[in-house]
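Have a look at the structure below, then the notes.
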Amino acid sequence: MEDKILLAHGSGGRLAHQLITEGFVRALNNPRLAKLDDSAVFDLKGNLAFTTDSYVISPIFFPGGDIGNLAVCGTVNDLAMSGAKPLYLSLSFIIEEGLPQSDLNRIVASIQKSAREAEVEIVTGDTKVVNRGSADKLFINTAGIGIIPDVVDISGSNARPGDKVILSGTIGDHGIAVLSQREGLSFTTRLESDCAPLANMVAEMLSVSSNIHCLRDPTRGGLATTLNELAAQSNVGIRIEEDKIPVREEVIGACEMLGLDPIYIANEGKLVAIVPAEDAESILDIMRSNRYGAKTAIIGEATTEHLGRVVMKTSLGTSRIIDMLVGDPLPRIC
Amino acid sequence: MKFITEFRRPELAEGLISQIHRESRTKARFMEFCGGHTVTIFRYGIRQALPKTLEMVSGPGCPVCVTANTDLDKVIALSRIPKVIITTFGDMLKVPGSRSSLEEAKASGADVRTVYSTTDALKIARENPDRSVVFLGIGFETTAPTVAASILKAKEAGMENYYVLAMHKLCPPAIRAILDSGETRLEGLICPGHVSVIIGAHPWESVAHDYHIPCVISGFEPLDILQAVSMLVAQVEKKEARVEIAYRRGVRPEGNPEALRIMDEVFEPGPAQWRGLGEIDNSGLKLRSKYQRFDAELALDIVTEPPQEPQGCLCGEILRGVSSPLDCPLFGKTCTPERPVGPCMVSSEGSCSAYYLYGGSLGG
C-alpha cells in the first residue's frame, strides 16, 4: 500500500521527527536548518524586506509547476518587488491526513529546486497534519527576508507622469494553465504556468538603473488590477496599448471560450516595472536578455490625465477604462 | 486561418470605420440583441468609433438577465429539497432571486455544482443514483439542443434520477415583442450569431419583412460587428429591409438541421416569462409529453412564495432598450458586480456589467 501522511506525522513524536529529518532537512540541505533549533539565527545589516504568503492552490500539481515551487517563487518575488535580494525563507506545511508521501516528496524536491535557483535558503519550518476535510490536501505558508541595496527606493507610490510601463512577458499563462486542470473543464492545452523566481532579473535591472520607481508582480487580479493599484497609489493616470501587451494564442483562445479577459488572469512569473523614460530602453534590453524576460515590452506610460485610472487604447484605436477585477471571473454560458 | 486575430486586424477595422462614416447620412438606432455583442462593443470602444448619426442600444440577449424572478425562485426552492443536486452553468450562482441567490442557498447547505456541459451533469447523476440531479436548462436556442441531447441520452441509458428545469427561451419572439411594444424606435437589428448558427437566417426573414427592419447576423469579433453595422447602414441608406449574414464562417441560412431536429424531438414551444418583457407566447421551450418524466417541475415538489422585484432596479427597462444602465439610480452605487441587485449586473454579458467594467461614459 502506498505510504500516506498520518495525523501522527504532525504529532511531534517519532513519525514527526522522521518526516522532518528524512523528508525535509535532508532534501532542503543547509546548515541553519540542519541544526533543528527552535529558531534560525543569522546576522544581517541594512534595509531588510520581510514578507509572507499562504498557498492553497488546487490542484497542487499543474502544468509547469506545483504548490511547492509556487510557494518559493511567490515569496521570493514579493521580496524582489521591493528591490530586495531574497536570502532566507520559512516553510510551513498544513497537510490533510492521507496525502501520499510520494506527493509530499515531489513537492519538497520542487521547493529545493526553486530555492536553489532563487539562491535562497529555507532556514526554519513547521508541519501540522489535520483531519481529513479540514484542509484540501496541502496548504503551504512561506515567509521571507531579503536585503535592499541602499540606493534603491521602490514603491507603488513612486510612479511619475512620463514614466514608461514595462511588462516582462506574456500574461495569463498561469491562470489559464491551472484553470485547464480543474475538474469539468475539458479543454486541453500545452500551456504551462509561468511560475518563476524573478529576483535575479530584478538584480540585473537594478544594475543598469538604480532609479526604478515601481515594481509589482501581477498575480491574482492580473495586469489590470496591478496597474490600477499603481495608478491609485501614485495618483497618476496610466495609459496602455492593447497591441503592445504580449498574450499567447492559447491564452486568447481559452479566454474567448470561457468569456474571460487575459488582463484579469493571474501570473506567477511576470513583473510590471514603472521606470523613468530615459532608463526604459536599457532596462528593457537587460530584461530581454534574462530567460524570464525574453518577451518584455513597453506597454504604456504614466500621464497627468485621468488620475488614478487606467485607460487602454484598443487595437481599433478607441479607448476604454480598465477597472480592477471585481468578483471572480465566471465562465459564460452562451 | 486564425479565428481570433484575423477578426481583430486594426487596418481592416479602420477601413470599415471610415466606410461607415462615409456612407451613414440618415440618423439610425440599431439594437444589438446579444449580450456577447454588447461586450465586444464596449471592450473595443466601438460606440466611440461610430459617427454621430448612429446610436447603438443593447437588447435582451443575455440568458441570465432575462430569467424571471419566478423562475429563479423555483430554482432556489428546488435546491432546498433534500437529496436534490442542482447542476448549473456558473453564471446562475450569483443571480439574485426574490429573496436569495443560489450562491446563498449553497452556503446554507444546498448541493449546487457548477458544470460546463450537460455531459458533466449526466456524470453526476450516474455517480449519485440515490439523489435527484437537476440540470438548470437556461439559455437560448444555442444551449437548448445539448440539453435535449442529454435527455435523449438519459432516456437511452434508463436513468431515473436526471431532470431538467426547462427555462429555455427563443430569440425571434422576444425581438417581435420589443418591436410590437413600440417603446423603442429601431432602424436596424444586429441578430445573434450563436443562436443563428442553430436556427439559421430564415426565422429572421419574417421579422425583417413584417417590421420593415434591416437585420444582419453578426459574429462576436470587432470586425464582425463593424461589418454588420456597415451592412445595416447600407440597407438604411437604400431603404431596404433584408436579412444578411455577416458571420458566414459560423452561420448557414438553414442553420444546423441536426440540432434543430433533436430540439424539436424533445421540446415544444410554450409561453415563457421574460424579465422586463413579461410573458410571451411561444417564446419558451417545454418538454414534450413523452419526455415529461424528465421535467423537474413535474417530478419534484417545488414550493415558492410570490415573487418580489427589487425596488428601483431598471433591469427590465434596460433589457427592452428603453433605459441605459446610466439611467438607473442603483447603478454603481448599491448595485455593483460584487453585490448585484439586478441580473444585468451579474452575468459577464449583462449590459450593466459591461457598462461598469468597461467604463460607461468613456466606453459608451
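Computed from the coordinates by the stated procedures, all read-outs in this text should not be read as laboratory data. Treat the numbers as computed from the prediction; the structure is a model and nothing was measured. Neighbour counts run over all protein chains shown; Cβ positions are idealised from the backbone, glycine included.
Points to keep in mind about this one:
- Within straight-line cross-link reach of B:Lys27, aspartates and glutamates at Cα separation under 19 Å, skipping those fewer than 8 residues along the same chain: B:Glu55, B:Glu183, B:Glu187, B:Glu237, B:Glu240
- Annotation: amide H-H contacts under 5 Å for B:Trp274 (H modelled 1.01 Å from N, sequence separation of 5 or more, or interchain): B:Glu279, B:Ile280.
- Dipole moment magnitude, nearest 20 debye, segment A:7-148 about Cα centre, only Lys, Arg, Asp, Glu C-beta charged: 200 debye
- Averaging the sequence gap over all C-alpha pairs within less than 8 Å and six or more residues apart, then dividing by the number of residues, gives chain A a relative contact order of 21 percent.
- Each Lys or Arg adds one and each Asp or Glu takes one away; over the other residues whose Cβ falls under 15 Å from the Cβ of A:Ala34, this sums to -1.
- Cα gyration tensor shape for segment A:18-156, rounded if a/c is under 1.5, else prolate or oblate: prolate
- With Cα atoms, 0 to 90° folded angle of helix A:249-258 axis to chain A main axis: 80 degrees
- Sequence-separation-based contact order of segment A:7-148, relative, with Cα cut under 8 Å and 6+ spacing, percent: 39 percent
- Dividing the helix sum by the residues of chain A, where each DSSP H run of 4 or more adds -39500 (n - 2.57), gives a mean residue ellipticity at 222 nm of -8500 deg cm²/dmol.
- In terms of its C-alpha gyration tensor, segment A:164-322 has an oblate overall shape, because the principal axis ratio a/c (a ≥ b ≥ c, square roots of the eigenvalues) is not below 1.5 and a/b does not outweigh b/c.
- Taking the DSSP beta bridges with both ends in the protein assembly as shown, the antiparallel portion is around 55 percent.
- Within chain B, helix-based [θ] at 222 nm, where runs of 4 or more DSSP H residues each add -39,500 (n - 2.57), nearest 500: -10500 deg cm²/dmol
- Fewest-first sequence of B:His202, A:His306 by Cβ atoms within 10 Å of each Cβ: B:His202, A:His306
- Listed residues A:Tyr292, A:Ala254, B:Gln292: farthest to the positive end of the dipole of the protein assembly as shown (Cβ charges): B:Gln292
- Cα-Cα over 25 Å, subset of A:Lys244/B:Lys94; A:Lys85/A:Lys295; B:Lys94/B:Lys290; A:Lys113/A:Lys137: A:Lys244/B:Lys94; B:Lys94/B:Lys290
- Anisotropy class of the protein assembly as shown from Cα gyration tensor, a/c 1.5 cut: oblate
- Residue exposure sequence - B:Thr38, A:Thr51 - by fewest surrounding Cβ within 10 Å: A:Thr51, B:Thr38
- In degrees, nearest ten, helix A:277-288 long axis to first principal axis of chain A (Cα): 40 degrees
- Helix axis angle, A:199-208 relative to chain A longest principal axis, alpha carbon, degrees: 40 degrees
- Averaged over the residues of B:37-50, the number of partner chain Cβ atoms lying within 10 Å of the residue Cβ comes to 3.
- Listed by Cβ neighbour count within 10 Å, with the fewest neighbours leading, A:Glu22, A:Glu119 appear as A:Glu22, A:Glu119.
- Estimated vicinal HN-Hα couplings, Hz - segment B:67-72 in sequence order (Karplus 6.51, -1.76, 1.60; Gly, Pro = x): 5, 6, 4, 4, 6, 4
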